[in-house]
Each structure stands twice: as structure tokens, then as C-alpha cells.
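Novice: Below is the structure I would like to discuss, written out as C-alpha cells.
The values are calculated or read from the model by the stated rules, or taken from the named source; none is laboratory data. Treat the numbers as computed from the prediction; the structure is a model and nothing was measured. Note that we place each Cβ from the backbone using ideal geometry, even for glycine, and neighbour counts take in every protein chain shown. Ligands, DNA and RNA are excluded from the accessible area calculation, which covers all protein heavy atoms including side chains. Shrake-Rupley method; radii C 1.70, N 1.55, O 1.52, S 1.80 Å.
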Amino acid sequence: MPADGGIGAATKRREDVRFLTGTGNYTDDINMRGQAYVHFLRSDVAHGRIKGIDTAEAAAMPGVIRIFTGADFEGVGSIPCGWQVTDRHGQPMQEPAHPVLAQGKVRHVGDPIAAVVAESRAEARDAAEAIAVDIEELPAVVDMKAALDDGAPKVHDDLTSNLCYDWGFVEDNREAVDAAIKGAAHVTTLELVNQRLVANAMEPRVALGDYNRASDDSTLYTTSQNPHVIRLLMGAFVLGIPEHKLRVVSPDVGGGFGSKIFHYAEEAFVTFAAKALNRPVKWTASRSEAFISDAQGRDHVTKIELALDADNNFVAIRTATLANMGAYLSTFAPSVPTYLHGTLMAGNYKTPNIYVNVKAVFTNTVPVDAYRGAGRPEASFQIERVIDKAARELGVDPIALRRQNFVTEFPYATPVAVEYDTGDYVATMDKLEEIADIKGFAARRAASEKRGMLRGFGVNCYIEACGIAPSALVGQLGARAGLYESATVRVNATGGITVMTGSHSHGQGHETSFAQVVAEMIGIDANMVEIVHGDTAKVPMGMGTYGSRSLAVGGSAMVRATEKIINKARKIAAHLMEASEADIELKDGKFSVAGTDKSVAWGT
Amino acid sequence: MYAFELERPSTLADAVAALSGGEAQPLSGGQTLIPTLKQRLASPGKLVSLTGIKELRGIRLDDAGQLAVGAATPHVQVAAQDHYPALAHLAANIGDPAVRNRGTIGGSLANNDPSACYPAAALGSGATIVTNTREIKADDYFTGLFDTALEEGEIITEVRFPVPRRAAYAKFEQPASRFALVGVFVAQYAQGVRVAVTGASEGGVFRWAEAEKALAADFSADALSGLALDGAGMIADLHGSGAYRAHLTGVMTRRAVAAAG
Ligand SMILES: Cc1cc2nc3c(=O)[nH]c(=O)nc-3n(C[C@H](O)[C@H](O)[C@H](O)COP(=O)(O)OP(=O)(O)OC[C@H]3O[C@@H](n4cnc5c(N)ncnc54)[C@H](O)[C@@H]3O)c2cc1C
């Protein structure tokens, strides 16, 4: 056992030394010689036609280097969407263009219209105020139901409607579900809103672009949960920079919660402008700007029906959800209300018939994408709420109703395409009832009532599919890139180990916990293991951190790589001790020859 | 923020002179004004800082036994005095430590935010707001939302609080800022009881006459039973409706009376 106890040991987080002493290195801490600053002029209307942009007065203001508008990006690619959903009828979703700077129309408050690059942040902002934009305001759609009405204003004129896709899951279940609901003894119907929210990480987004004219290399420093994904999306689809000419660095990142997964227009802008101006260009979002430019979360409106037989067994679940995409498709937006949501709709219960319908809708609002749990809490919220409502309608105990319908035999194949390999929900509920002292609740409630207080009681079961992967599966579901992870484990001359991982830490503490994994496998002290992440120049490949995948997917890559190292070390140990490789044992960081007192320690 | 000039006078006379130029504005703790400037919602040509003026800082009991607080005195110092405990308690619960170390009583009263705490204390105590030119009774001072009887260029120099027999301030906090969703200041004097309500009305801080009358006859929470305010004219926003705030005013008044003991 390593000195600090290995995997899961409660230890001080090594990254906290820099975080707590103010010596972290966040993107905004990085400043380059000759750096210029950009300020984005953003739309203050939800929907409008741009009839003209007059930058003459602004361009003449002190410190202004250049003002960019949509016209400067005509030959540049569109901000891509990383996931394609196929609808109920086998058609691909409607996918609008997403320009770096607005072209022709603005589609949400915050849509960037122009970008002023100046010698200082204040000068850029002053000049942005002097830009005269002639906008013809158009009627806006912000309500999803209204957006689907015939004749509703269209967010994208070149699409047939505001419907991105109409998805059925599993489409083949549809008829059986309808029939089961028709024949059921009881149907509970619930309509609910899972409201939109702003992710609001402590550190606002920052992007700094740099260009080396001699080597034609571009570098982007950005507040990202996955620098490699940004390298892929921005390099291949927006700016046309091959991966070996583009380096993306995400240093310390102050929280993401999903909102820093996605590739944003500002990243493409600073990288593009740095080359155009041959100067580093930096953007730092203000808090207010974050509210209108970071992708937001949730925003589902759902009707869910739960059908039960005469004995209160669940026989069918049918849902119809409207999911707001906002004005453009953010990187993973289409996947959230579909595969990250529909697949969880069985919850912990053996309901034989389930059908999930999701209509994704464009509106004149800030784009919506993955946020904490992304689609999965939305699913759980519906199931658990409708069960509670059914219990009330039927006059039965909500815990008993759950217990009666728990999946108890494993493996269990749900009607929504996933298989649960193991689980024991009954035991978990037993434990819950014990530690929450459910039996004593009635007495506690009576005591509260005596004091004029109200006491409530809620119970919720949850199951989540974590660690989104592997590549082959997500590819079938519409992912446009593999969701693998990579790790390089390098043994240094001193015996110290450097691990390069494509996972990214932005508050999770990987530098501590990942080191424990490798240290325990070899049996050395975790202090001998160093974790490197967040720089595509140091870590050649990766897909980053989201969907609870860092340990499951990134950790697995690290384990595989460490196994290779151990096997190689075993060969070396066998050679050093002139023994057969088969006789070499590894324990507590020491290789020994079985049945002898010969040994050689790690790093000697 | 737009560019501006900054002056740091050390006497009141210099401050008054600096402010007479037009386009100039006093700067005290900056807890309201600086965020306003950062949002580019104001563009004064010149800021005149008051915090370096000795005569505007400090707390004393005046000849009439009133607690006199210099306009540029930060909340943290008011929280530390023990002549008027209810006022100390109010000051100790304004915002967070940064706000209490910088923010001042003069800035708060000049700003007259409809959800601020000090207006309730000043009106609830029948305080006198002293300026460089005159003395204004609290009853005449608060003229509406973010509006006061102050003239252009007039500087608050001191606030004088008659010390009551007993008093308390009960605040239902808006948790993000700790401003009052509803705050009620109750004070009992030989001449009668004053009840001032902040956070509730669209017109800013106000006195609740019925409650004052009831409490003058019987200073107890029970004396208020049956009294209710109307939701009309109350602030309605995402934190609560007008009717909610009207109801909360009754609740907080009873809590304040109970706390005053
Ligand atoms: C996060 C946060 C939380 C807060 N929470 C609370 C709370 O819980 N309760 C509460 O009551 N308040 C709260 N405040 C407000 C705070 O109490 C400040 O006192 C208040 O913002 C104004 O005081 P200031 O000294 O900072 O004034 P400044 O911001 O400097 O000035 C405010 C205005 O008053 C004018 N002014 C300043 N001094 C004078 C003077 N002597 N004469 C004439 N005009 C003057 C200025 O020109 C300006 O227009 C909070 C503020 C923040 C930022």
C-alpha cells in the first residue's frame, strides 16, 4: 500500500496549494507581448435583420486596431454541431449555419454583431459603443409551443420550420405503448417544466489567440473542459487549420458545469484575428456577457403519462417533450434531450412499454446545451414526479409503489435500449428507510404541527448512465467524433512518473486522484506520479471531461497504459535479476523473484 | 466605466466647492456608485471622494443625547457602537464584510434604495439628516424610489438618531445580496411608536400608521393581529408578489416587536 493509502484515500488535494495561495494559472492570467483586446458588440434584440453596420466613427477612435463584422467571415466555416440526431422518419435533424459573427440576421440577445480589436479593453469597449448598427427588429419566438405554430416567425429563414427534429424512442415501441395506455386500469398524467438555467461557473470564459508568422502555428488559450475537442471542431470545421498547426491550451479552469465543453464563436474569433492582425488577441467575458453568450441548461416542457394495471404495476410510460435548442445548435445540444435523456426513462423500474417523443425547437434565445447531468436529471425528474402523483391519486404509499415496481432481476434490458447489469434497489431503499428513520416521520410531523410548522417528505430514486463512450456506440447514435480517451504514462529517469491524460480537470482534483490510481497499481507513493493535462502540445490526443467520463473512460486509458509500463518493467527486472519473467512479482513498488530474496525496487 | 476625474478633498468646504462645477458627483463607499459606473449606467465627469474628510467620519452622542453618525462612517463602525443597539444590529447585517467596511450611511441614505436598511432606521427613529446647508427631518427626506429631498450638489454631513426606549429591526433577507425583501424597523419613544417599512413599497420606505397606533396602545405582537396591508402599490418581482410582500410586512413587524422585547 502506498504511503498515502492509494485509491480513494482522503488526502490533501495537491492542486489546492496553488489555488489557495493565489498562484493558479487561469486563462486570464496569461498575457502576451503585444497583446490586443477584443470587445464584442452584441445584439440587444432577440431577432432582427441587420440592414447596415457603420464602423467609420468607431474605427477612428483612440486605440482601435480593426473592427470585424460578419462580412470578414464569409469564407470561414460555420461553428459546427458535434452530434446529428435522426428523426422518427429517418431524416437528419435540421441544422442551421452558425456564423462566427452575425451575417444578415441576429437571432438572440447576445448574438455577436461586430468585434472591435483595440490596444486596451476600455478602448475596445468605447469604440463598440460608437458603432452604428441599423437593425430592423423582427417578431421573436421565445416560447417553444408558439415557435411550432404555423406561420410562427422563423429563427432561420432557410429551414422549413423551427422544428429541429421530431424524435421517437424507441419508435418501434410506439404502438404497443399506445395500446397499453388505452387498456390500463389507471393513467396518471403530469405536465411539467424543467426551467432553463444559466450555468454560471465562477470563472467567466476567456480566449486568447496567438499566431506565429514564422512557423504558421496558431495557439488558442481557452477556458475549456476539453482542449482537444476545440482543436478538432475549430481546426477542422471553422478555420481549416490542421491539427499539427494548432495548439489549444486550457490551463487552470474555474468550473465548467458543462458550459465549457462547447466550441464557441469567441474562440474562433481570437484565433482568426490573431493571424489576421499578427498580434495576440484576448477576450475576457464579463459576468453579464456570460449570461447571454454561454450555452445554458435544461429548458424542457414535458407531458408524461404513467399507466398502471389494477394491481398498481407499471405497464407503460409515454412522454412528449419540447426541448429548447435556442437560436443555434451548440456542440452537443441535439444529444441532450435524446440519447442522454430517453435512455434513462426507465429509471429504476420494470415498465415493459416505454415511448419517448422529443421535439427540439429553435427559438430566439441563447443556445441550450449540456448542463450538469445533461438530460438525465430531466428524465429522473419526470419519472419520480409522476410516480408521486400516481401514489397520491391511488392513495398508496409512494415508497411502497416504488418498491413494487423496482427492477429486481439482473441483467435487465429496458425498453429504452439499455441493459442494467447489476443493482439492488430494494437493499438501497431498506437502507434509506433506516437512515432517514421513515418510521419516525409521522411523529416528527405531528411535533412540527404542534409548533405551527409544516414538515414535508420526499423520496427520489436515481439511476444514471455515466462515462459517455465507447466510440463505436456513440457513433451509431449520431456523435460525429469518437468519445475515446487517451493516456501516456512516461517513466522518468528518477523513477518518477508523468501521466499525460486527455481528461481535463476544472475543479475535480484529477491531479490528486488520478495519481492515486497509477501509484496504487505500481505500489509507489502518489507523490511520485505527476498528472499533465490541458495542453494539446503535451497530450497528443484526448476528448476531455464531461458526462462523468473522466475516471470511467480517461481512468481506464490510464490503467491500460500503466499495465503496459508494468509489463515492460517486469521484463527489465527479470533481466536485471537474471530470472525468468514469469517468476517476477510486483508488490509495494518492488519487483522480486518468487521464492528467493532477490528484489529490485522501482526506480533503481 | 467611462473616464472621469477624481478629487479627494480633506475638508467639507473643499468638497462643496469641488461639487459645484456640475457633472460632479460625491463618492462615498462606492458600493452602489462603482458598480453603476462599471455597468456604464452613469458617466459623471468628476467624482469627489468624501471618505478622506475627517469631519464626516465618526460617531458621537450630541448635546441632546442623540446618536450622531458622520455621513462617511462605514457600516462596520455603526455596528460596533453600543448606544443604539437596534441600529448596530441593523448595520451588522448589511451585505457582507466588504460592503460593511466600505459602504457608508450617507451613501445609503442619499441613494435611498427601496430595499436598503438604513432608510428604515432613519424613518423609524425620526432621525434628522444634516447637510452642508440645512437639517431635514426624516419624515420630509424620503420622497420616493431612489429619490430624496437633497438638492443638486448638497452633501449629507451627519445623521442624528434620537435613541428610543426600545427598538428592533427585522429583515427578511434576499439571500443573494442580503438587501431586504421586506425589513421593518420598530422604535418606541416617549412620544409614541414609529414603524418604518423598507423593501415592500414601490414608493420606497414608508411608515405604517395603523401599526404605530396599535403599538402605542399596546406594545406587543398581539396588538397587531387583524392588521393587514394591501398588496397594491407593493413591489412585485421574481422574488415575490405585491400580496406576498404585504403579508410579509405584517410578519416582520410582529417579529420586530417581539425582538424589541
Ligand atoms: C453586495 C451588496 C450588498 C448590499 N447589501 C445591503 C443590505 O443588505 N442592506 C443595505 O441597506 N444596503 C446594502 N448594500 C448597499 C450598501 O449598504 C451601501 O451602503 C450603499 O450601496 C451606498 O453607500 P456607499 O457609501 O457605498 O455610497 P456610494 O456608492 O459611494 O454612493 C451612492 C450614492 O450616494 C451619493 N452619495 C454618497 N455619499 C453622499 C453624501 N454624503 N451626500 C450626498 N450624496 C452622497 C453618491 O453620489 C451616489 O449617488 C449592499 C451593497 C452591495 C454591493
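Novice: For region A:210-238, which positions are touching a residue at least 40 places away in the same chain (Cβ under 8 Å), open to solvent by less than 40 Å² (accessible area, probe 1.4 Å) and among the hydrophobic types (A, V, I, L, M, F, W, C)?
Specialist: Of everything in region A:210-238, those that are touching a residue at least 40 places away in the same chain (Cβ under 8 Å), open to solvent by less than 40 Å² (accessible area, probe 1.4 Å) and among the hydrophobic types (A, V, I, L, M, F, W, C) turn out to be A:Leu220, A:Val229, A:Leu233, A:Val238.
Novice: Filter region B:83-93 down to residues that are more than 14 Å from B:Pro164 (Cα to Cα) and surrounded by fewer than 24 Cβ atoms within 10 Å (Cβ to Cβ) and give me whichever is farthest from the ligand (Cβ to nearest atom).
Specialist: Taking the candidates together, the pick is B:His89.
Novice: Quick one: how many residues across region A:458-475 are of a type in the set (A, V, I, L, M) and part of a helix (DSSP H, G or I)?
Specialist: Residues in region A:458-475 being of a type in the set (A, V, I, L, M) and part of a helix (DSSP H, G or I): 3 in total.
Novice: Is it the case that some residue within region B:8-16 is within 14 Å of the ligand (Cβ to nearest atom), without any contact (Cβ under 8 Å) to a residue 60 or more places away in the chain, within 23 Å of B:Val99 (Cβ to Cβ) and open to solvent by less than 40 Å² (accessible area, probe 1.4 Å)?
Specialist: There is no residue in region B:8-16 that is within 14 Å of the ligand (Cβ to nearest atom), without any contact (Cβ under 8 Å) to a residue 60 or more places away in the chain, within 23 Å of B:Val99 (Cβ to Cβ) and open to solvent by less than 40 Å² (accessible area, probe 1.4 Å).
Novice: Let me ask something else about it. Looking at B:Leu215, B:Leu229, which one is touching a helix residue (DSSP H, G or I) at 6+ places or on another chain (Cβ under 8 Å), crowded, with 20+ Cβ neighbours inside 10 Å, more than 25 Å from B:Leu145 (Cβ to Cβ) and not assigned by TED's automatic domain parsing to the domain that holds B:Pro97?
Specialist: Among B:Leu215, B:Leu229, only B:Leu215 is touching a helix residue (DSSP H, G or I) at 6+ places or on another chain (Cβ under 8 Å), crowded, with 20+ Cβ neighbours inside 10 Å, more than 25 Å from B:Leu145 (Cβ to Cβ) and not assigned by TED's automatic domain parsing to the domain that holds B:Pro97.
Novice: Within the group A:Val76, A:Val64, which residue is open to solvent by less than 70 Å² (accessible area, probe 1.4 Å), out of contact with any strand residue (DSSP E or B) (no Cβ under 7 Å at 6 or more places or on another chain) and among the aliphatic types (A, V, I, L, M)?
Specialist: Within the list A:Val76, A:Val64, the selection yields A:Val76.
Novice: With the structure loaded, tell me whether A:Asp535 is surrounded by fewer than 22 Cβ atoms within 10 Å (Cβ to Cβ), of a type outside the set (A, V, I, L, M, F, W, C) and closer than 30 Å to A:Thr331 by Cα or whether it fails that test.
Specialist: Here the answer is yes, as A:Asp535 does meet what is asked.
Novice: Let me ask you something else. Out of all the residues in region A:280-299, which are open to solvent by 10 Å² or more (accessible area, probe 1.4 Å) and either farther than 29 Å from A:Phe262 by Cα or part of a strand (DSSP E or B) (or both)?
Specialist: Those that are open to solvent by 10 Å² or more (accessible area, probe 1.4 Å) and either farther than 29 Å from A:Phe262 by Cα or part of a strand (DSSP E or B) (or both): A:Thr284, A:Gln296, A:Arg298, A:Asp299.
Novice: Taking strands (runs of 3 or more DSSP E) that do not extend beyond region A:126-209, which have at least 2 residues that are open to solvent by 50 Å² or more (accessible area, probe 1.4 Å) and more than 14 Å from chain B (Cβ to nearest Cβ)?
Specialist: Filter on region A:126-209 gives A:132-137, A:186-197.
Novice: With A:His263, A:His300, A:His244 as the choices, which residue is without any contact (Cβ under 8 Å) to a residue 60 or more places away in the chain and not acidic (Asp, Glu)?
Specialist: On inspection, the qualifying residue turns out to be A:His244.
Novice: A further question on this structure: Tell me which residues, restricted to region B:107-122, are open to solvent by less than 10 Å² (accessible area, probe 1.4 Å) and part of a helix (DSSP H, G or I).
Specialist: Passing the criteria: B:Leu109, B:Tyr118, B:Pro119, B:Ala120, B:Ala121, B:Ala122.
Novice: Within region A:333-377, how many residues turn out to be of a type in the set (Lys, Arg) and more than 24 Å from A:Lys260 (Cβ to Cβ)?
Specialist: The number of residues fulfilling the criteria is 2.
Novice: Just one of A:Val366, A:Val356 is aliphatic (A, V, I, L, M), part of a strand (DSSP E or B) and not assigned by TED's automatic domain parsing to the domain that holds A:Gln84; which is it?
Specialist: Result: A:Val356 is the single residue among A:Val366, A:Val356 that is aliphatic (A, V, I, L, M), part of a strand (DSSP E or B) and not assigned by TED's automatic domain parsing to the domain that holds A:Gln84.
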